[in-house]
Amino acid sequence: MTIIDSIKTSMLVPIHSAGIPFIAIFVILTVIMGWFWSPLYFFGLVLTIWCIYFFRNPVRVTPILSGTNKNNLIISPADGRVIEISKITPDEEIGLPVGNWTRVCVFMNVFDVHVNRSPMLGKIFYKNYIPGSFFNASLDKASTENERLILGMETENGKKIAFVQIAGLVARRIICDVGIGSLLKAGEVFGLIRFGSRVDVYFPSDVSVMVLKGQKMIAGETIIGDFTKSSKSVREHLNEK
């Protein structure tokens, strides 16, 4: 699908409420510019369409397991591409117990959907906003040096995970609509990052990783991890066949 096709499609989907003021501003600027010089109407229209495209909030169908295991899938909180999968000991700021954890990093470019969705069903027990720099979000140091907002979740299965909204080179505004005590469903919208950024997800190292580096992610739909499987990556499973 081309960018033009994506824009046409996005015009038919819901828009995140955070984008409404920006769309209104673009519309007003288009009228003003066109009033001074009519060819600027076209320029303003293009910018307005792009603004609508950026703040699109498409409907997503979140997968679940059946039976007693139905709340054991970790779902991608962001559209974009996986730029890193690693086993790490998170810094204290992440709010997780000391130990080894898996971190999956999803990078969003300016053409991706920027609405963020909850990875699992659970309750927010930790929230930590940290001011910082605005390096390119694809760099590893963005996780520790960029502006970021961390959410810790006690999941319905009794485990803990964390997910981090990280500002990027041109992203200057992290929006998070939930706080400590908030209950979230898997795939439920909890926030947005404006104009290019990334989201990191932390989960126990013994949980199977279901994605590969470079894989395209769809927020609310792509399965990142599965608590019902042992700690083996997709690549390891494939190598066994």
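Which residue, of GLY191, GLY179, GLY214, is out of contact with any helix residue (DSSP H, G or I) (no Cβ under 6 Å at 6 or more places or on another chain), small (Gly, Ala, Ser) and assigned to a strand (DSSP E or B)? Talk me through it step by step, then tell me what you get.
Details: GLY179 fails: assigned to a strand (DSSP E or B); GLY214 fails: assigned to a strand (DSSP E or B).
None of the others qualify; the one that does is GLY191.
Quick one: which residue in GLY181, GLY187, GLY220 is without any contact (Cβ under 8 Å) to a residue 60 or more places away in the chain and not hydrophobic (A, V, I, L, M, F, W, C)? Quick ask: steps written out before the conclusion?
Working: GLY187 fails: without any contact (Cβ under 8 Å) to a residue 60 or more places away in the chain; GLY220 fails: without any contact (Cβ under 8 Å) to a residue 60 or more places away in the chain.
Within the list GLY181, GLY187, GLY220, the selection yields GLY181.
Only one of SER182, SER143, SER197 is under 29 Å from CYS51 (Cβ atoms) and at pLDDT 95 or above. Can you tell me which? So that I can check it myself, show each step before the final result.
Numbers: SER143 fails: at pLDDT 95 or above; SER197 fails: at pLDDT 95 or above.
When all the criteria are applied, what remains is SER182.
ILE175 falls short of the stated requirement of being over 11 Å from the mean Cα position of the chain (by Cα), of a type in the set (A, V, I, L, M) and either surrounded by fewer than 16 Cβ atoms within 10 Å (Cβ to Cβ) or modelled with pLDDT of 95 or more (or both).
Is it fair to say LYS123 is in contact (Cβ under 8 Å) with a residue 60 or more places away in the chain, of a type in the set (Lys, Arg) and assigned to a strand (DSSP E or B)? Give the derivation first.
Details: in contact (Cβ under 8 Å) with a residue 60 or more places away in the chain: yes; of a type in the set (Lys, Arg): yes; assigned to a strand (DSSP E or B): yes.
Yes.
Grab the strands (runs of 3 or more DSSP E) fully contained in segment 22-116, keeping just those with 1 or more residues being surrounded by fewer than 18 Cβ atoms within 10 Å (Cβ to Cβ).
Values: elements: 73-75, 80-88, 101-108.
The qualifying strands (runs of 3 or more DSSP E) are 80-88.
Beta carbons closer than 6 Å, at least 6 apart along the sequence or on distinct chains, pair a first residue in segment 42-58 that is within 22 Å of MET108 (Cα to Cα) with a second that is at pLDDT 85 or above and surrounded by fewer than 19 Cβ atoms within 10 Å (Cβ to Cβ) for THR48/VAL27. Condition test on GLY67, is it in contact with a helix residue (DSSP H, G or I) (Cβ under 6 Å, 6 or more places away or on another chain), modelled with pLDDT under 95 and farther than 20 Å from TYR202 by Cα? When the stated conditions are applied, GLY67 does not pass them.
The values are calculated or read from the model by the stated rules, or taken from the named source; none is laboratory data. What you are looking at is a predicted structure, and each value in this text was computed from that prediction instead of being measured. Don't worry about glycine lacking a Cβ; one is built from the backbone with ideal geometry, like all the others, and counts go over all protein chains shown.
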